[in-house]
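One structure below.
The values are calculated or read from the model by the stated rules, or taken from the named source; none is laboratory data. Worth saying up front: this structure is predicted, and the values here are computed from it rather than measured. Glycine gets a Cβ as well: all are built from the backbone with ideal geometry, and neighbour counts include every protein chain shown. Note: areas computed on protein heavy atoms with side chains; ligands, DNA, RNA excluded. Shrake-Rupley method; radii C 1.70, N 1.55, O 1.52, S 1.80 Å.
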Amino acid sequence: RSLVSPYVLRRTKAEVLQDLPPKTEVNLWVDLTADEAENYDTLRKQAIHAVEDGAGHIELLAMLTRLRLTSCAAHLAKDGPRLPSAKTQRFLQVVQDLLDGQHRVLVFSQFVKHLQHLESELRAAGHVPLYLDGQTSADERAERVRRFQEGESPLFLISLKAGGTGLNLTAADYVLHMDPWWNPAVEDQASDRAHRIGQKRPVTI
């Protein structure tokens, strides 16, 4: 360290923040449909009864995960019914508005099955997104990043765990988080794939 430190310039993001364009964070609230709300409430009551009956930590975590998936699209949860998803419909509307405005978008989810669902819906709507999750090889990962940066597709679906760090995606100026993570710092890291050195446009999260 003593040998190389005179030659290494390391700055924190806070120190170079004035070099970056503005970042805006917006919360979009989506109400469940009546059928979704009824299904969710049934699962919520089951979870409450399980807590009262002394369910263990692993079982509680599984129930919370099931409720979170149900909030995205009911069929994503185990044995969930296939109901129209209010969140998916809102997502498709937002994406279309952004594409009409010539924007480029990163879409993050912690759930691979949610990302796969969104990819299927986008393709059904005529879009051709790029996709990255933990099963993507290192070579293919680099290739898809290159294709996005060079403008081959304006949409990039990314697993939060697989692509939340280590990627430079400054071609994007919008970031959509489709399901909130327990630790907001993890979301911030993912958002910073777009809001980083080299970004010239304002970024909206």
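Considering only residues that are part of a helix (DSSP H, G or I) and either surrounded by 10 or more Cβ atoms within 10 Å (Cβ to Cβ) or hydroxyl-bearing (S, T, Y) (or both), which ones fall in the range 50-64?
A50, V51, E59, L60, L61, A62, M63, L64
The single residue among Y174, Y131 that is open to solvent by 40 Å² or more (accessible area, probe 1.4 Å) and aromatic (F, W, Y) turns out to be Y174.
Answer yes or no: is there a residue in the range 90-112 that is of a type in the set (S, T, Y), at negative phi and surrounded by fewer than 18 Cβ atoms within 10 Å (Cβ to Cβ). No, the range 90-112 has no match at all. Taken as a whole, the range 140-155 holds at least one residue that is of a type in the set (F, W, Y) and over 23 Å from D31 (Cβ atoms).
Matching residues to (1) among the small types (G, A, S); (2) in contact with a helix residue (DSSP H, G or I) (Cβ under 6 Å, 6 or more places away or on another chain):
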position: F148; (1), (2): no, no
position: Y174; (1), (2): no, yes
position: Q189; (1), (2): no, no
position: G198; (1), (2): yes, no
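Scanning the range 65-89 for residues that are open to solvent by 20 Å² or more (accessible area, probe 1.4 Å) and not in a helix (DSSP H, G or I) returns K78, D79, G80, P81, R82, L83, P84. D31 satisfies every condition listed in (1) assigned to a helix (DSSP H, G or I); (2) surrounded by 10 or more Cβ atoms within 10 Å (Cβ to Cβ) except (1). Among the numbered conditions (1) in contact (Cβ under 8 Å) with a residue 60 or more places away in the chain; (2) in a helix (DSSP H, G or I), the only one that E121 does not meet is (1). For I158, the conditions (1) of a type in the set (V, I, T); (2) within 21 Å of R196 (Cβ to Cβ); (3) in a helix (DSSP H, G or I) are fulfilled apart from (3). Scanning the range 141-157 for any residue that is in contact (Cβ under 8 Å) with a residue 24 or more places away in the chain and closer than 22 Å to T65 by Cα turns up at least one such residue. Going residue by residue through the range 174-193, is there one that turns out to be farther than 29 Å from S85 by Cα, assigned to a loop (DSSP other than H, G, I, E, B) and touching a Ser or Thr at 6+ places or on another chain (Cβ under 7 Å)? Checked the range 174-193: no residue is farther than 29 Å from S85 by Cα, assigned to a loop (DSSP other than H, G, I, E, B) and touching a Ser or Thr at 6+ places or on another chain (Cβ under 7 Å).
Within the range 150-165, work out how many residues are within 21 Å of P22 (Cα to Cα) and surrounded by fewer than 19 Cβ atoms within 10 Å (Cβ to Cβ). Qualifying residue count, the range 150-165: 1. Among residues of the range 35-52 that are closer than 23 Å to A86 by Cβ, those with a beta-carbon under 7 Å from a residue that is among the polar types (S, T, N, Q) and assigned to a helix (DSSP H, G or I) at least six positions away or on a different chain give the pairs N39/T70; Y40/T70; Y40/S71; L43/T70. Among the residues of the range 104-112, is any more than 21 Å from D188 (Cα to Cα), modelled with pLDDT of 95 or more, within 16 Å of the chain's Cα centre (by Cα) and of a type in the set (S, T, N, Q)? Checked the range 104-112: no residue is more than 21 Å from D188 (Cα to Cα), modelled with pLDDT of 95 or more, within 16 Å of the chain's Cα centre (by Cα) and of a type in the set (S, T, N, Q).
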